[in-house]
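S.K.: Questions regarding the structure given below will be posed in turn.
Derivation of every value follows stated rules applied to the coordinates shown; laboratory data play no part. What you see is a predicted model; the values in this text were computed from it and never measured. Neighbour counts run over all protein chains shown; Cβ positions are idealised from the backbone, glycine included.
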Amino acid sequence: MTINALLDINNGNSRNVTITQENVLVDPLQVLRCDIRVFRCGPILKIILRILEASLAASRSQLCRHLLDKPMLEKSGQLTSDAEREELKNALVAAQESAALQILLEACLETEEDQSKPELMWALREVRSIICSFLHQIFISEPSLAKLVHFQGYPRELLQVTVQGIP
């Protein structure tokens, strides 16, 4: 799997961890556990974003299927209605998607290493453009996510980046 090849090599435990398709269905944010250098390489980041988008969609679909496959039990569970189950599913999906977008926004932050190496500043500009374009597409397809991400907040340093990069 592509994600396993891109796991954070600086973290010694990562080689002992293998991410499976089942893991990604349960937690699509696993896709973003890759090495930090991925977030400074535009072409690889584009691949990761495609995988992330597919993983989020697969997780959403799996949650919908789970609701259909596991009908509500009568009064033995804590949930009172199918509408409540649907609402909880939607909240989980929104939480997963907003967390992914927050992680991507944090990847746009300038690091000390970026400041010390001019080539990394160019890479950062490219990555910011790619991430802002991705966020724009997501916000168009799911406008409520734009509100959610902005209400959750993000670092002040990214205000100029988001205002200029996300129309």
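S.K.: Relative to the longest principal axis of the chain, what angle (0 to 90°, nearest 10) does the C-alpha long axis of helix 82-107 take?
M.R.: 10
S.K.: Relative to the first principal axis of the alpha-carbon coordinates of the chain, what is the inclination of helix 42-69, with its axis defined by its Cα atoms, in degrees from 0 to 90 and to the nearest 10?
M.R.: Helix 42-69 and the main axis of the chain meet at about 10 degrees.
S.K.: Please give the calculated 222 nm ellipticity per residue for the chain, where each DSSP H segment of at least 4 residues contributes -39500 (n - 2.57) and the sum is spread over every residue; nearest 500 deg cm²/dmol?
M.R.: After summing the helix terms and dividing by the residues of the chain, the value is -21000 deg cm²/dmol.
S.K.: Give the Cα extents of the chain along the principal axes, in whole Å, largest first.
M.R.: For the chain, the Cα extents along the three principal axes come out at 63, 39, 21 Å.
S.K.: Another question, if that's okay. Choose one of Gln137, Leu148, Ser98: the residue whose Cα lies farthest towards the positive end of the charge dipole of the range 66-159 (beta-carbon charges +1 Lys, Arg; -1 Asp, Glu; about the Cα centre).
M.R.: Most positive-ward Cα: Leu148.
S.K.: While we're looking at this one, here's another question. Have a look at Cys108, Cys64, Cys34 and tell me which one the Gaussian network model of the chain (Cα, springs below 10 Å) gives the largest fluctuation.
M.R.: Greatest mean-square fluctuation among the candidates belongs to Cys64.
S.K.: For helix 118-141, what angle does its Cα long axis make with the longest principal axis of the chain, in degrees from 0 to 90 and rounded to 10?
M.R.: For helix 118-141, the angle is close to 30 degrees.
S.K.: Describe numerically, in nm with one decimal, the distance between label points set 7 Å from Cα along Cα→Cβ at Val163 and at Lys89.
M.R.: Result: 4.1 nm between the two label points.
S.K.: Could you give the size of the charge dipole of the range 59-167 about its Cα centre, using +1 on the Cβ of each K and R and -1 on the Cβ of each D and E, expressed in debye and rounded to the nearest 20?
M.R.: The calculation lands at about 300 debye.
S.K.: In percent, what relative contact order does the chain have, based on Cα pairs under 8 Å that are 6 or more apart in sequence?
M.R.: Reported as a whole number, the value is 21 percent.
S.K.: Starting from the amide H of Leu7, placed 1.01 Å from N in the peptide plane, find each other amide H under 5 Å away whose residue is 5 or more places distant or on another chain.
M.R.: Asp35
S.K.: Let me ask another. In this model, which of Lys46/Lys70; Lys46/Lys147; Lys46/Lys117 are farther than 29 Å apart at the alpha-carbon?
M.R.: Exceeds cut-off: Lys46/Lys70.
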